[in-house]
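Visitor: Structure below; questions to follow.
The values are calculated or read from the model by the stated rules, or taken from the named source; none is laboratory data. Just so it is clear, the structure is predicted and the values come from calculations on it, not from any experiment. Neighbour counts run over all protein chains shown; Cβ positions are idealised from the backbone, glycine included. Just so you know, the surface numbers come from the protein's heavy atoms only, side chains and all, with ligands and any DNA or RNA stripped out. Shrake-Rupley method; radii C 1.70, N 1.55, O 1.52, S 1.80 Å.
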Amino acid sequence: MRSICLRLVTVTSEVKKKYKLKGLTLEELKDYFIGIGEQKFRGKQLFNWMYNHLSTDFDDMLNFPKDLRNKLKDHANLISLSIVDSKVSTETGTKKFVFQTEDGNKIESVVIPEERRNTLCVSTQVGCPLDCKFCATGLMGYTKNLSSGEIFDQYLLAAQDLGKDKLTNIVYMGMGEPLLNFESTVKSLKIFSEEITSGINLKKITVSTAGISPKIIELADLNLKVKIALSLHSCFEDIRSKIMPINKKYPLKESIEAVKYYAKKTGTRITFEYIMLKNLNDRNEDLNALIKLSRAIPSKINVIPFNSLKHMNPSGFSAELEPTPKKEIEAFVQNLRNNDVTVLVRFTQGDDIAAACGQLAIKY
Ligand code: SAH
């Protein structure tokens with residue numbers, strides 16, 4: 001009995017010790033192989049298998065000698081997420097995936113089909129700590145940061161499901177705040193940045209942030225050249241603090257300075273996301289402030305109709321939020337355009353399957 005128990009303990013700790021390779025960057029994989037007494041070039045081969053051929057089984061890797069494949073099976077694993085559910089919107093073709101992490105947490109990703117592109121929206125955290133008053137994910141609270149493997153696997157599993165060449169763009173706009181999970185977010189971007197990974201160029205990747213200014217600057221200095229979207233939603237500190245409590249810690253003034261630096265350093269244009277909230281940010285002074293801001297920074301404004309959270313029975317300030325009526329959004333946008341502001345209106349996608357922006361919250 002004792003020996004069985006001892007064996008079980010050893011076996012369990014061996015399973016635990018298995019090294020997770022999914023989510024490692026090219027440099028890290030090379031180091032891993034050197035660390036297990038193999039040659040560095042194996043790192044590039046494994047990188048190619050995992051992220052280009054979407055392989056999840058060492059036995060696929062026929063350019064590895066059998067001994068090495070067995071050694072990898074003993075030492076390491078390629079596990080990350082599993083698909084537990086998916087739904088397609090009959091209205092728009094938007095597809096929502098529900099993934100489960102190895103530790104049993106559920107996260108969501110969405111594929112948004114458009115005329116000339118298919119955008120995958122990935123999550124970076126389970127839930128979100130920011131508590132933005134207009135956001136469904138905020139209402140569910142925060143559980144944990146995702147690992148780089150869990151972030152990248154959302155792409156791999158969606159690519160496997162839809163066909164590898166189908167996805168053209170990635171937006172980090174799902175559940176969570178990417179810049180509060182900086183290390184894993186950057187690692188996943190570094191994997192995308194390698195030529196052998198996929199057809200997705202970093203220029204087609206947008207990281208959306210509520211404005212974690214020191215991290216925006218750090219990202220600028222890494223020079224990865226991904227695009228940044230700032231969830232703006234109001235140009236006024238007091239209103240922004242009311243709908244986005246994180247504004248008290250990182251005031252808009254600092255976030256604006258940070259994205260200005262980002263635009264200059266990387267030569268990219270900033271996207272300002274702007275959810276239209278009735279009587280809160282759709283007034284004349286809001287319009288004028290937006291015009292002024294877009295003259296100061298190379299940018300475009302992404303106007304977003306507010307997806308109501310009424311189905312979640314929100315309390316407090318969240319319960320008071322109303323969408324700006326469509327006609328008024330149109331007039332607001334026209335007014336911006338008349339002042340030479342570049343504006344995109346983000347059509348609500350996947351409303352019928354709760355896969356629209358700000359509706360990502362697991363209902364399990
Ligand atoms: N934490 C990051 C990324 C997640 S939110 C950020 O704040 O940018 C992704 C986008 O969805 C943001 O632009 C956010 O403002 C928007 N969004 C959130 N809730 C929404 C809602 N109820 N209706 C429409 N858009 C929403």
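Visitor: Restricting attention to region 306-319, report how many residues are surrounded by 19 or more Cβ atoms within 10 Å (Cβ to Cβ) and within 9 Å of the ligand (Cβ to nearest atom).
Guide: Of the residues in region 306-319, 3 are surrounded by 19 or more Cβ atoms within 10 Å (Cβ to Cβ) and within 9 Å of the ligand (Cβ to nearest atom).
Visitor: A further question follows. Name the single residue, out of those in region 292-312 being polar (S, T, N, Q) and out of contact with any Gly (no Cβ under 9 Å at 6 or more places or on another chain), that is farthest from residue 235 (Cα to Cα).
Guide: Going through the qualifying residues, I end up with 308.
Visitor: Among the residues of region 204-219, which ones are charged (D, E, K, R) and either closer than 9 Å to residue 179 by Cα or within 15 Å of the chain's Cα centre (by Cα) (or both)?
Guide: Once the filter is applied, which keeps residues that are charged (D, E, K, R) and either closer than 9 Å to residue 179 by Cα or within 15 Å of the chain's Cα centre (by Cα) (or both), region 204-219 yields 204, 215.
Visitor: If you go through region 327-349 one residue at a time, do you hit one that is at pLDDT below 95, open to solvent by 60 Å² or more (accessible area, probe 1.4 Å) and either farther than 25 Å from residue 142 by Cβ or not assigned by TED's automatic domain parsing to the domain that holds residue 245 (or both)?
Guide: Yes, because at least one residue in region 327-349 is at pLDDT below 95, open to solvent by 60 Å² or more (accessible area, probe 1.4 Å) and either farther than 25 Å from residue 142 by Cβ or not assigned by TED's automatic domain parsing to the domain that holds residue 245 (or both).
Visitor: Being modelled with pLDDT of 95 or more and assigned to a loop (DSSP other than H, G, I, E, B) is the filter; apply it to region 285-320 and report the residue that is nearest to residue 240 (Cα to Cα).
Guide: Looking at the filtered set, the residue picked out is 297.
Visitor: Return the pair list, or none, for Cβ contacts closer than 9 Å from residues in region 312-333 that are within 13 Å of residue 134 (Cα to Cα) and free of Cβ contacts under 8 Å to residues at least 12 places away in the same chain to residues that are part of a helix (DSSP H, G or I) and open to solvent by 70 Å² or more (accessible area, probe 1.4 Å), at least 6 apart or on different chains.
Guide: Matching pairs, first to second residue: 319/310.
Visitor: Across region 220-253, which residue is farthest from the ligand (Cβ to nearest atom) among those that are surrounded by 21 or more Cβ atoms within 10 Å (Cβ to Cβ) and of a type in the set (Ser, Thr, Tyr)?
Guide: My answer is 234.
Visitor: Counting residues that are more than 13 Å from the ligand (Cβ to nearest atom), which helices (runs of 4 or more DSSP H) fully inside region 120-219 reach at least 1?
Guide: Values: elements: 136-139, 148-162, 182-193.
Filter on region 120-219 gives 148-162, 182-193.
Visitor: If you don't mind, there's one more thing I want to ask. Mind checking which residues of region 261-274 are out of contact with any Lys or Arg (no Cβ under 8 Å at 6 or more places or on another chain) and open to solvent by 20 Å² or more (accessible area, probe 1.4 Å)?
Guide: Across region 261-274, the qualifying residues are 261, 264, 265.
Visitor: What tally of residues in region 288-305 results from selecting those that are open to solvent by less than 10 Å² (accessible area, probe 1.4 Å) and more than 25 Å from the chain's Cα centre (by Cα)?
Guide: Residues in region 288-305 being open to solvent by less than 10 Å² (accessible area, probe 1.4 Å) and more than 25 Å from the chain's Cα centre (by Cα): 1 in total.
Visitor: Continuing with this model, one more query. Can you pull out the residues in region 59-91 that are out of contact with any strand residue (DSSP E or B) (no Cβ under 7 Å at 6 or more places or on another chain) and hydroxyl-bearing (Ser, Thr, Tyr)?
Guide: 80, 89, 90
Visitor: For region 192-209, give me the residue count where each residue is open to solvent by less than 10 Å² (accessible area, probe 1.4 Å) and at pLDDT 95 or above.
Guide: Qualifying residue count, region 192-209: 3.
Visitor: Note down all Cβ pairs under 6 Å where the first residue falls in region 272-284 and is within 26 Å of residue 171 (Cα to Cα) and in a loop (DSSP other than H, G, I, E, B), the second is within 12 Å of the ligand (Cβ to nearest atom) and modelled with pLDDT of 95 or more, and they're at least six residues apart or on different chains.
Guide: Sorted first by the residue in region 272-284, then by its partner, the pairs are 281/234; 282/276; 282/324.
Visitor: Check 104, 93, 37 and return the single one that is of a type in the set (Gly, Ala, Ser), under 22 Å from residue 118 (Cα atoms) and free of Cβ contacts under 8 Å to residues at least 40 places away in the same chain.
Guide: The conditions single out 93.
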